[in-house]
Amino acid sequence: MSEKQKKATAYWKENVRYLIILLSIWFAVSYGAGILFKETLDQIQIGGFKLGFWFAQQGSIYVFVILIFVYVRLMNKLDKKYGYNE
Amino acid sequence: MTVQTWTYILVGLTFALYIGIAIWSRAGSTKEFYVAGGGVSPLANGMATAADWMSAASFISMAGIIAFAGYDGSVYLMGWTGGYVLLALLLAPYLRKFGKFTVPDFIGDRYYSKTARIVAVICALIVSFTYVAGQMRGVGVVFSRFLQVDINSGVIIGMVIVLFYAVLGGMKGITYTQVAQYCVLIFAFMVPAIFISIQMTGNPIPQLGMGATVNDGSGLYLLEKLDGLSTELGFNNYTDGSKSTIDIFTITLALMVGTAGLPHVIVRFFTVKKVKDARKSAGLALLLIAILYTTAPAVAVFAKTNLINTVSNQSYANMPEWFKNWEGTGLLTFDDKNNDGKIQYVADKTKNELTIDNDIMVLANPEIANLPAWVIALVAAGGLAAALSTAAGLLLVISSSVSHDLIKKIIKPNISDKGELWAARISATIAVIIAGYFGINPPGFVAAVVALAFGLAAASFFPAIVLGIFYKKMNKEGAIAGMVVGILLMLFYMTKFKFGWFGGGTPADYWFNFGKGGISPEGFGSIAMIANFIVALVVMRFTPEPPQDVQDIVEDIRIPSGAKEATGH
């Protein structure tokens, strides 16, 4: 394997690792907190919101937005580390 | 000034703005027509994507659906936003690096096969046509209520406007008009929401007002009060809903994956300069969409509470003027079953006297809350902006599928750039006429099918594209078999339970019923998508590997640097 290919493989591995972490959070806030564990979380009340209901109609959306921007930052850093930025 | 005058002024002004932009930004080449020349800034692309995405359904119907479905309505909120995470992380950057004009372009080249390209073109056309007919209908509804023209003339006016800027400007014209349309629609959605939030809770931010205490001195939280009102009238608790968990789960998944697989959304990421810009503009698009999507559930709670307070057990003779106005459109009906002259709005169907269409909640909300005339007119302009921007984006996908993927790539490869541009304009014109026809004569199943367009996109495109990027060894046999099985399975389930084909069936016959109810056709896209993945992976094992040069392409799209300009060659 050439030096160039090794670099590309290493970059891809780190990229996939980020994806797995970020998508686990994506799954946890929507399918987890908003659907599967909704009833349990509803026992907790914050202000006028039951927590599970809040995740389903508000919280998960905020987390989605944050996730993409975190991804943008992580990838920009990663691009720089491997010299793929332009 | 009356609502009518205000509506003419605001709709006239916004239409003049859209036409002005279209003339300024008309397309001179196929590259400008398909991908706006490839030099759109991430913010402009984010705004255009948001406007493209938020259709008449998001603007007009969604808050109303949530108001009546309560917690069950969460599937739309999570489904139509969570898809952007998949899009940003799994698709957009790689498709931008790949650098072509259309989704069938990617499928055709990645799977080195004309058959794959044709299958992709057919899927793109099915998905886009089902979706666009609903938009033209939305335009008609807004025109008929606020400008007092009949629905058909409304559709025709809408057709002429869209035709004008989509045919003239292509992607370039559409992108910059969508930027303007985003501003109009978000302003039109937020102004009444803020007014009503202040009225009901004293909090100017609707997202917080939804969780605040009511202004009526009872000290109750708004959601508590609505839960109480709902159960009193025999409905489910607003914050609990009635669908089975498996149905909620699969519908959310189908909508998310479908969002990421919709061709008119994907192509937007071909218009930016660099891979880095594609990631960033996906984030900006979701941020701009989230403003409306986090406000909509608040609007739903305000509107539902207001509605129950205004009508429940009140005398029909004392109803305010908006009630009579909407009765005129047939979207709200009152039938005094027990002849007591009062309105009984209850869950029990034999005793309920009031039927309300989902769509009027957003449109009537400012009237119910007694807001000034200009706010009501603004909502009309916003609804039109939402419907027109989405229709234009879809028409572009349809015209480029025909002129680029069919004519240029399959039927007549030696066509000149100018010839292809004309072919694109002619197919856009034909597509507008077909869409307008369905807007005027909606087949009974349009509304049902629009929701299912997501299932179709999830079942066909998403697995083929993801495997194409993340699995180098995926070959054409696997991808084609997967797409065909996915879309046919989805079409089968949808026609069986929605149109009664193949023996039909009732919700009690839904598949995957583990005691609490099975999966509805809206959620079945998730199952068809999984079937697509499995079939693709199995068929791949028994067929030859993709050629080395294709595997090299996959290696190349994984590296963000060196993205060339998008080309069709």
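The values are calculated or read from the model by the stated rules, or taken from the named source; none is laboratory data. Since the model is a prediction, treat every value here as computed from it, not as a measurement. With ideal geometry, Cβ positions are generated from the backbone for all residues, glycine too; neighbour counts draw on all protein chains shown. Side chains are part of the model used for accessible areas, which takes the heavy atoms of the whole protein and leaves out ligands, DNA and RNA. Shrake-Rupley method; radii C 1.70, N 1.55, O 1.52, S 1.80 Å.
Here are a few things to note about the model shown:
- Unique match (being part of a helix (DSSP H, G or I) and either crowded, with 21+ Cβ neighbours inside 10 Å or in contact with a Phe, Trp or Tyr (Cβ under 7 Å, 6 or more places away or on another chain) (or both)) among B:A347, B:A303: B:A303
- Each residue in the stretch B:213-254 was checked for being part of a loop (DSSP other than H, G, I, E, B) and under 31 Å from the mean Cα position of the chain (by Cα), and 10 pass.
- Of residues in the stretch B:269-285 being of a type outside the set (K, R) and within 8 Å of chain A (Cβ to nearest Cβ), the one farthest from the chain's Cα centre (by Cα): B:G283
- Listed by first and then second residue, the pairs linking a residue in the stretch B:536-549 that is of a type in the set (D, E, K, R) to a residue that is part of a helix (DSSP H, G or I), with Cβ atoms under 9 Å apart and 6 or more places separating them unless they lie on different chains, are B:R541/B:G478; B:E545/B:Q551.
- Those residues of the stretch B:322-339 which are open to solvent by 60 Å² or more (accessible area, probe 1.4 Å), touching an Asp or Glu at 6+ places or on another chain (Cβ under 8 Å) and among the charged types (D, E, K, R), in sequence order: B:D335, B:K337
- Of the numbered criteria (1) more than 7 Å from chain B (Cβ to nearest Cβ); (2) modelled with pLDDT of 95 or more, the one A:Y82 fails is (2).
- Checked against (1) crowded, with 16+ Cβ neighbours inside 10 Å; (2) within 24 Å of B:V11 (Cα to Cα); (3) of a type in the set (S, T, N, Q), B:N370 meets all criteria but (1).
- Just one of the listed residues (B:V191, B:V155) is away from chain A (no Cβ under 14 Å), surrounded by fewer than 24 Cβ atoms within 10 Å (Cβ to Cβ) and of a type outside the set (S, T, N, Q), and it is B:V191.
- Count of the stretch B:4-28 residues which are out of contact with any Leu (no Cβ under 7 Å at 6 or more places or on another chain) and open to solvent by less than 50 Å² (accessible area, probe 1.4 Å): 8
- Residue among B:L90, B:L43 that is over 22 Å from B:S526 (Cβ atoms), surrounded by fewer than 24 Cβ atoms within 10 Å (Cβ to Cβ) and within 14 Å of chain A (Cβ to nearest Cβ): B:L43
- Some residue of the stretch B:195-205 being more than 10 Å from chain A (Cβ to nearest Cβ), aromatic (F, W, Y) and open to solvent by 60 Å² or more (accessible area, probe 1.4 Å): yes
- Residue-level check: of (1) open to solvent by 20 Å² or more (accessible area, probe 1.4 Å); (2) in contact with a Gly (Cβ under 8 Å, 6 or more places away or on another chain), B:F101 misses just (1).
- Being within 14 Å of chain A (Cβ to nearest Cβ), open to solvent by less than 10 Å² (accessible area, probe 1.4 Å) and of a type outside the set (G, A, S) holds for only one residue in B:L208, B:L185, B:L223, and it is B:L223.
- Subset of the stretch A:7-20 [within 13 Å of the chain's Cα centre (by Cα), open to solvent by 60 Å² or more (accessible area, probe 1.4 Å) and either at the interface with chain B (Cβ under 10 Å from one of its Cβ atoms) or under 19 Å from B:G83 (Cβ atoms) (or both)]: A:I20
- Test: B:T175 is farther than 30 Å from A:F49 by Cα, in contact (Cβ under 8 Å) with a residue 24 or more places away in the chain, part of a helix (DSSP H, G or I) and touching a strand residue (DSSP E or B) at 6+ places or on another chain (Cβ under 8 Å): yes
- Taking the stretch B:554-569 as the range and being open to solvent by 50 Å² or more (accessible area, probe 1.4 Å), within 14 Å of chain A (Cβ to nearest Cβ) and either modelled with pLDDT under 90 or assigned to a loop (DSSP other than H, G, I, E, B) (or both) as the test, the residues that pass are B:K564, B:E565.
- The stretch B:497-525 - residue that is open to solvent by less than 50 Å² (accessible area, probe 1.4 Å) and in contact with a Pro (Cβ under 8 Å, 6 or more places away or on another chain) and, of those, modelled with the lowest pLDDT: B:G517
- Residue pairs whose Cβ atoms lie under 7 Å apart, separated by 6 or more positions or on different chains, with the first residue in the stretch B:262-288 and part of a strand (DSSP E or B) and the second at pLDDT 85 or above, are B:V272/B:P42; B:V272/B:N45; B:V272/B:R96; B:V272/B:A278; B:V272/B:S281.
- Residues that are free of Cβ contacts under 8 Å to residues at least 40 places away in the same chain and either closer than 19 Å to B:Y94 by Cβ or outside any helix (DSSP H, G or I) (or both), drawn from the stretch A:22-47: A:L23, A:F37, A:D42, A:Q43, A:I44, A:Q45, A:I46, A:G47
- Test result for B:G37, under 22 Å from the mean Cα position of the chain (by Cα) and assigned to a helix (DSSP H, G or I): no
- Of all residues making up the stretch B:120-161, the number that are more than 30 Å from B:A481 (Cα to Cα) and hydrophobic (A, V, I, L, M, F, W, C): 15
- Selection from the stretch B:65-85 of residues that are within 8 Å of chain A (Cβ to nearest Cβ) and more than 30 Å from B:T355 (Cβ to Cβ): B:T81, B:G82, B:Y84, B:V85
- Restricting attention to the stretch B:229-249, the residues that are surrounded by fewer than 24 Cβ atoms within 10 Å (Cβ to Cβ), within 12 Å of chain A (Cβ to nearest Cβ), out of contact with any strand residue (DSSP E or B) (no Cβ under 9 Å at 6 or more places or on another chain) and of a type in the set (S, T, Y) total 2.
- Count of the stretch A:26-72 residues, restricted to those that are open to solvent by 70 Å² or more (accessible area, probe 1.4 Å), over 21 Å from B:V301 (Cα atoms) and more than 8 Å from chain B (Cβ to nearest Cβ), is 4.
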